[in-house]
Amino acid sequence: MFPKEHVHLIRYKWLVDEPNGTLNAVCRFLGVEEGMISEVPAENVGTYVAPSRYDRVLRRLFRVGATVGSLFPPQAWRKTSVPLLWLIQHTPQHRPELPQEERAKLIGYFEQDVRQLERLTGWDLDDWLAYRVAGTYSVRRSWAPSRRVVS
């Protein structure tokens with residue numbers, strides 16, 4: 001529906017692995033100054049929480065709170081929800097690996113779609129069609145050097 005020059009695609013992997021180059025490419029596409037954004041903040045990102053009875057109760061409580069909170073100004077619910085979110089996410093874990101057999105089934109199911117996307121974009125997406133031995137995103141990301149200053 002749109003001409004190619006009106007569409008800019010990026011892979012999430014690029015945003016994670018090469019944030020500056022990827023963000024500058026987006027800026028070039030939009031015709032705005034490059035170099036104004038140097039990192040991608042982790043917004044609206046939750047940690048993995050293993051399913052448990054405790055977790056289910058807290059999440060139910062959170063949803064009820066959000067429903068009640070919708071009757072008040074958004075700032076009120078955001079402030080009130082912080083302790084509940086901490087209780088839910090206070091012990092972050094890495095997301096478990098998808099078993100190789102399950103991933104193989106999904107790869108088989110989506111392979112034609114992935115190949116079509118390769119033809120449309122010119123990208124090599126072989127990594128989507130292989131079993132990753134490098135671990136989940138959260139594990140790979142934890143290997144990246146921290147940008148925080150240690151005092």
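The values are calculated or read from the model by the stated rules, or taken from the named source; none is laboratory data. Here the structure is a predicted model, which means the values were calculated and not measured.
Here are some notes:
- Restricting the range 120-141 to residues that are outside any loop (DSSP other than H, G, I, E, B), hydroxyl-bearing (Ser, Thr, Tyr) and modelled with pLDDT under 85, the residue that is farthest from His6 (Cα to Cα) is Ser138.
- Failed condition for Leu61, given (1) more than 21 Å from the chain's Cα centre (by Cα); (2) closer than 19 Å to Trp123 by Cα; (3) of a type in the set (A, V, I, L, M): (2)
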